[in-house]
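The values are calculated or read from the model by the stated rules, or taken from the named source; none is laboratory data. Worth saying up front: this structure is predicted, and the values here are computed from it rather than measured. Neighbour counts run over all protein chains shown; Cβ positions are idealised from the backbone, glycine included.
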Amino acid sequence: MSYPYQIKNLEAYHEAYKNSIENPEKFWGEIAEHFFWRKKWDKVLEWNFKEPSIKWFQGGKLNITENCLDRHLNTMGDTPAIIWEPNNPEEQHRTITYKQLHHKVCQFAQVLINNGVKKGDRVCIYMGMIPELAIAVLACARIGAIHSVIFGGFSAQSIADRLEDAQATFIITCDGAFRGAKDIPLKAVIDDALIGNKTIHRVIVCTRTRTAVSMIEGRDVWWEDEIKKVDAQGIHFVEAAEMDAEDPLFILYTSGSTGKPKGVVHSTAGYMIYTHYTFVNVFQYQLHDIFFCTADVGWITGHSYIVYGPLSAGGTSLMFEGIPTFPDAGRFWSIIDKFKVNVLYTAPTAIRSLMGFGLGPIQGHDLSSLKILGTVGEPINEEAWHWYDEHIGHKKCPIVDTWWQTETGGIMISNMAGITPGKPGWATYPMPGVAPILVDDKGNEVTEMEEGLMRGNLCITQPWPATLRTTYGDHERCRTNYFVTYDNLYFTGDGALKNSEGQFRITGRVDDVLNVSGHRIGTAEVENAINMHSGVVESAVVGYPHDIKGQGIYAFVIYTGSHGQDTHGTSDLVRKDILQTVTRIIGAIAKPDKIQFVAGLPKTRSGKIMRRILRKIAEGEIKSIGDTSTLLDPSVVDDIVKGAI
Ligand code: PRX
């Protein structure tokens, strides 16, 4: 495997960028030649952002798993594809070569076939970070089933909503998952999610924690038993389904500013080529490098840079089951030392939390194998950037600050390690094929600089191969969410700055989406969950700066009992009840950090909550609350300020 399209210097970046924007069809067509196609495409690109309709490599036929597995077998069959480090450092790690992974994916693809899964079926995957999760994902792709991975932290209710939305017919799960000192009962959560569900035919349960589970006759089967049946059938190879380039590969749910999470749909060929290309270029991947992405496969980062990007490149992907602070805050560093990791890709929130433990946990671990560091998911503050640079990279490793989204499938704006310059806190340059612009609230392009910077809402003017194609079951929602705000542009929901060198700095969301520890959470979603609690009349949720999480969740709640008290007990207990409700409805990741009981919310005469004011209060910026005269009742603001936490 070689990467002839790997950019080697700054001039080559500028040239590739220019070519990619001037003639995207030629640019991406040439890169696509390097993949394995059953049939070549008829047309590289056809698009409009009006509908939107975005089609890459139409007429092409392929299977992504042939590109991630089969094509590496002859030359790299014995190269590790996945190295897996368990939660408990005492437990044996696992190394799975390309040959072995291919075999396991074929075996499990046959399990899916035996259980009646067909091309186009939606399969929900709710598992911990074990190799079987990657195997399940790839087995779905092998037979053309659409996977929908749900992060292990989501509640039964969240799963039920997603199953319903995707009309999923199969579930793959585990008895439980180990995460730090916790043992999460995944199957029990699935059982709760399935109460009243009518679409699920079968649940395949992989053994991990040996937690007691109830197995329902006729519905639930054990992964291991099903594999034995495949062995008894003597099946070692499953022909990959021939997929159209534009066939959906997966659905991944993500939060928006309104209502329930939406199912972002990615296609097969465009997604494959884009994640591969960005993997190889941003991280300057060299064959046999050990690539450690600390994300969970339940999020887009895990899909693109634990599974599809690295495997399509014949890379070695290190998958870690646990958390950075278990059994102690030196865990990442001990893993890097143990496996001689070359590239570490993690989130600012993890860096900030580890910084808090000082330098002690790093001592005694040899980090000299590291060549490249990366961050993703949220803006990185300069203090964390410098700590990462000095204490982890020893000032020898370029840090790539990669900005992208679930909807973009792969990295959009980032420096390329050692090729284009990095800058603390700046994502810097767009990837080839990515054309970002800044617009003002009316949609006019910002061209004026103020103090050397342009400031605006970040939009993209033309499609890149991994653009989301739709939101599952509701194309109109995709259109209105991303393509209507500004005419003929994809709107990211982020604000950004641009300097005279053409570098971008992402300043954060400009819509009602929070980014808590790098996880996207809609304020409306949290409010809906809080409002489910009996006694809550109304609530408003905003973000506020949080030292470790980046953003914390601040909830203003009107409760029927005075000052948040009722017959159940004190306001503290009511607070706990509300947290419990949010955990049940969404999951623990959406629990508010602060709950303030209020008598009223600042509303305009038309009844709209003025979040700007609440945000200022939550941020402690009481002096800059601004004009409150348009409020129905300006006095509520004084009361809220007095009670602010
Ligand atoms: O606000 C941006 C922030 O995360 C959002 C996307 O979240 P999600 O779809 O969950 O995907 C996260 C992993 C790709 C963006 O709209 N974000 C992501 N990366 C960065 C970032 N903000 C600043 N800098 C980044 N590098």
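Summary of computed values
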| quantity | calculated |
| --- | --- |
| Odd one out for ASN63 among (1) in contact with a helix residue (DSSP H, G or I) (Cβ under 8 Å, 6 or more places away or on another chain); (2) surrounded by fewer than 21 Cβ atoms within 10 Å (Cβ to Cβ) | (2) |
| Every pair of residues 6+ apart whose Cβ atoms lie under 6 Å, when the first sits in segment 341-357 and is in a helix (DSSP H, G or I) while the second is of a type in the set (A, V, I, L, M) | PRO348/ILE380; PRO348/ALA384; ILE351/ALA384; ARG352/ALA384; ARG352/ILE548; SER353/ILE548; LEU354/ALA329 |
| Residues located in segment 381-415, provided they are part of a loop (DSSP other than H, G, I, E, B), within 16 Å of the ligand (Cβ to nearest atom) and touching a Ser or Thr at 6+ places or on another chain (Cβ under 9 Å) | TRP404, GLN405, GLY409, GLY410, ILE411, MET412, SER414, ASN415 |
| Count - residues of segment 154-183 that are surrounded by fewer than 18 Cβ atoms within 10 Å (Cβ to Cβ), closer than 20 Å to THR471 by Cα and among the charged types (D, E, K, R) | 1 |
| Test for THR480: is it surrounded by 22 or more Cβ atoms within 10 Å (Cβ to Cβ), at pLDDT 95 or above, out of contact with any Asp or Glu (no Cβ under 6 Å at 6 or more places or on another chain) and on the phi < 0 side of the Ramachandran plot | no |
| Pick from segment 88-137, criterion acidic (Asp, Glu) and closer than 18 Å to THR207 by Cβ, ranking: surrounded by the fewest Cβ atoms within 10 Å (Cβ to Cβ) | GLU91 |
| Residue in segment 117-135 that is more than 27 Å from PRO89 (Cβ to Cβ), part of a loop (DSSP other than H, G, I, E, B) and out of contact with any strand residue (DSSP E or B) (no Cβ under 9 Å at 6 or more places or on another chain) present | yes |
| So ILE82, is it modelled with pLDDT of 95 or more and under 25 Å from the mean Cα position of the chain (by Cα) | yes |
| Verdict on GLY535 being more than 19 Å from the chain's Cα centre (by Cα) and in the same structural domain as GLN596 (by TED's automatic domain parsing) | yes |
| Selected residue (only one of PHE320, PHE283, PHE292 is without any contact (Cβ under 8 Å) to a residue 60 or more places away in the chain and either more than 15 Å from the chain's Cα centre (by Cα) or away from the ligand (no atom under 16 Å from the Cβ) (or both)) | PHE292 |
| All positions within segment 540-554 that are free of Cβ contacts under 8 Å to residues at least 60 places away in the same chain and closer than 17 Å to ARG575 by Cα | VAL541, GLY552, ILE553 |
| Which listed residue, of TYR544, TYR559, is more than 19 Å from PRO261 (Cα to Cα), outside the structural domain of ASP161 (by TED's automatic domain parsing) and touching a helix residue (DSSP H, G or I) at 6+ places or on another chain (Cβ under 6 Å) | TYR544 |
| Residue in segment 512-534 that is at pLDDT 95 or above, touching a Phe, Trp or Tyr at 6+ places or on another chain (Cβ under 6 Å) and not small (Gly, Ala, Ser) present | no |
| So ARG469, is it buried (at least 22 other Cβ atoms within 10 Å of the Cβ) and more than 14 Å from the ligand (Cβ to nearest atom) | yes |
| Residue match in segment 414-421 (condition: modelled with pLDDT of 95 or more and within 14 Å of ILE506 (Cα to Cα)) | yes |
| Residues of segment 525-541 satisfying the condition of being touching a helix residue (DSSP H, G or I) at 6+ places or on another chain (Cβ under 8 Å) and either within 16 Å of the ligand (Cβ to nearest atom) or of a type in the set (Asp, Glu) (or both) | GLU525, VAL526, GLU538 |
| Matching option when the condition is farther than 19 Å from PRO86 by Cβ and part of a loop (DSSP other than H, G, I, E, B), among GLY270, GLY298, GLY263, GLY256 | GLY256 |
| Boolean, GLY443 is over 26 Å from the mean Cα position of the chain (by Cα) and in a loop (DSSP other than H, G, I, E, B) | yes |
| Residue that is nearest to GLY493 (Cα to Cα), among those in segment 416-461 that are among the aliphatic types (A, V, I, L, M) and within 13 Å of the ligand (Cβ to nearest atom) | LEU458 |
| Sole exception among (1) assigned by TED's automatic domain parsing to the domain that holds VAL149; (2) of a type outside the set (Asp, Glu); (3) over 20 Å from ILE184 (Cβ atoms) for VAL205, by number | (3) |
| Near pairs, Cβ below 8 angstrom, 6+ apart or cross-chain, from segment 71-88 (without any contact (Cβ under 8 Å) to a residue 40 or more places away in the chain) to any residue that is assigned to a strand (DSSP E or B) | GLY77/THR97; ASP78/THR97 |
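Here's the yes/no breakdown for (1) within 26 Å of GLY153 (Cβ to Cβ); (2) more than 10 Å from the ligand (Cβ to nearest atom):
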| position | (1), (2) |
| --- | --- |
| ASN499 | no, yes |
| GLY502 | no, yes |
| THR507 | no, no |
| ASP512 | yes, yes |
| ARG520 | yes, no |
| THR523 | yes, yes |
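Residue-by-condition table, conditions (1) in a loop (DSSP other than H, G, I, E, B); (2) within 27 Å of the chain's Cα centre (by Cα); (3) not hydroxyl-bearing (Ser, Thr, Tyr):
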site: ILE521; (1), (2), (3): no, yes, yes
site: GLY543; (1), (2), (3): no, yes, yes
site: PHE556; (1), (2), (3): no, no, yes
site: LEU601; (1), (2), (3): yes, no, yes
